[in-house]
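> Below: one structure in structure tokens.
The values are calculated or read from the model by the stated rules, or taken from the named source; none is laboratory data. Everything numeric here is computed off the predicted structure, so don't read it as measured data. Quick reminder, even Gly has a Cβ in these numbers, built from the backbone with ideal geometry, and neighbours come from all protein chains shown. Surface accessibility is based on the protein's heavy atoms, side chains included, excluding ligands, DNA and RNA. Shrake-Rupley method; radii C 1.70, N 1.55, O 1.52, S 1.80 Å.
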Amino acid sequence: LQRGRYRANPDDPDARKLLGILEARRCVIVNNSLLAPPSCEESIRLLEGLFNTPRDDEWLRINLAGARSTLGRIRAFSGKAEEGIALCRRSLDDVRVAGRLNPGDSNARFDEAFLRLYLAEALASANRTEEAIRAYGESYRILRSSNIVTTNPYAHMTMGLSGVRFS
């Protein structure tokens with residue numbers, strides 16, 4: 001439905017943003033080397049087109065970071081490690097912008113920790129072991145220092161995975 005709405009009015013920034021966010025969500029949920037990349041790439045294209053406009057906000061940047069990091073991880077595990085690492089690093093830039101756009105967001109540190117976990121995995125796939133260990137450690141330290149009190153199972157899973165890999 002949203003693709004049809006966007007195709008009917010490609011100049012509508014709200015239609016563009018919503019489709020970009022939905023494609024990012026599809027990309028992250030599918031997280032499959034064959035099915036996810038087209039959604040990830042479409043999300044990145046749509047959302048980057050809204051940079052420095054009134055639609056550029058924390059929500060846009062968080063979803064963009066998710067699409068970039070998912071695509072980066074897929075690229076890294078598909079033999080394109082340097083491209084994957086670069087995408088994962090760009091996702092960290094996106095989440096930093098999101099933090100500046102909404103400095104009171106309590107999820108920003110968790111998002112950063114999760115993205116650092118994906119970066120670490122991309123680095124490890126390229127046999128950049130020392131850098132991967134540092135990234136795993138940064139992810140783990142962020143989660144430990146933020147004292148996350150949450151029912152979000154992903155926060156606990158990410159902390160556990162980061163801690164085990166860092167160890």
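> What are the residues in the range 11-21 that are crowded, with 20+ Cβ neighbours inside 10 Å and not charged (D, E, K, R), if any?
LEU19, GLY20, ILE21
> Identify, please: which residue in the range 27-41 is farther than 21 Å from ARG5 by Cβ and assigned to a helix (DSSP H, G or I) and is, among those, most open to solvent (accessible area, probe 1.4 Å)?
Taking the candidates together, the pick is VAL28.
> Next question, about the same structure. Only one residue in SER91, SER145 is of a type in the set (Ser, Thr, Tyr) and at pLDDT 90 or above. Which one?
SER91
> Looking only at the range 47-64, which residues are open to solvent by 40 Å² or more (accessible area, probe 1.4 Å), more than 13 Å from the chain's Cα centre (by Cα) and not β-branched (Val, Ile, Thr)?
GLU48, GLY49, PHE51, ASN52, PRO54, ARG55, ASP57
> Going by what's in this entry, would ILE44 be described as under 21 Å from ASP111 (Cα atoms) and open to solvent by less than 30 Å² (accessible area, probe 1.4 Å)?
Yes: the conditions hold for ILE44.
> Identify the single condition in (1) over 29 Å from ALA76 (Cα atoms); (2) in contact (Cβ under 8 Å) with a residue 12 or more places away in the chain that ASN9 does not satisfy, given that it satisfies every other one.
(2) is the only condition that ASN9 fails.
> What pairs come up if the first residue lies in the range 94-115 and is more than 21 Å from TYR136 (Cβ to Cβ), the second is at pLDDT 90 or above and not polar (S, T, N, Q), and their beta carbons are under 6 Å apart, counting only those six or more places apart or on different chains?
Cβ pairs passing all conditions: VAL97/ARG61; ALA98/GLU58; ALA98/ARG61; ALA98/ILE62; LEU101/ASP57; LEU101/GLU58; ASN102/GLU58.
> Right, next: Which residue out of ALA8, ALA67 is open to solvent by less than 20 Å² (accessible area, probe 1.4 Å) and touching a helix residue (DSSP H, G or I) at 6+ places or on another chain (Cβ under 9 Å)?
None of the others qualify; the one that does is ALA67.
> Right, something else. With the checklist (1) part of a helix (DSSP H, G or I); (2) open to solvent by 70 Å² or more (accessible area, probe 1.4 Å) in hand, flag the one item ALA24 doesn't pass.
(2)
> Based on what the data block shows, is LEU50 assigned to a loop (DSSP other than H, G, I, E, B), among the aliphatic types (A, V, I, L, M) and touching a Lys or Arg at 6+ places or on another chain (Cβ under 9 Å)?
For LEU50, the condition - assigned to a loop (DSSP other than H, G, I, E, B), among the aliphatic types (A, V, I, L, M) and touching a Lys or Arg at 6+ places or on another chain (Cβ under 9 Å) - is met.
> Could you run through the range 111-122 and say how many residues are hydrophobic (A, V, I, L, M, F, W, C) and open to solvent by 30 Å² or more (accessible area, probe 1.4 Å)?
Here the count works out to 1.
> Restricting to the range 70-98, what's the tally of residues that are among the acidic types (Asp, Glu) and either closer than 22 Å to ARG109 by Cβ or surrounded by 17 or more Cβ atoms within 10 Å (Cβ to Cβ) (or both)?
Counting residues in the range 70-98 that are among the acidic types (Asp, Glu) and either closer than 22 Å to ARG109 by Cβ or surrounded by 17 or more Cβ atoms within 10 Å (Cβ to Cβ) (or both) gives 2.
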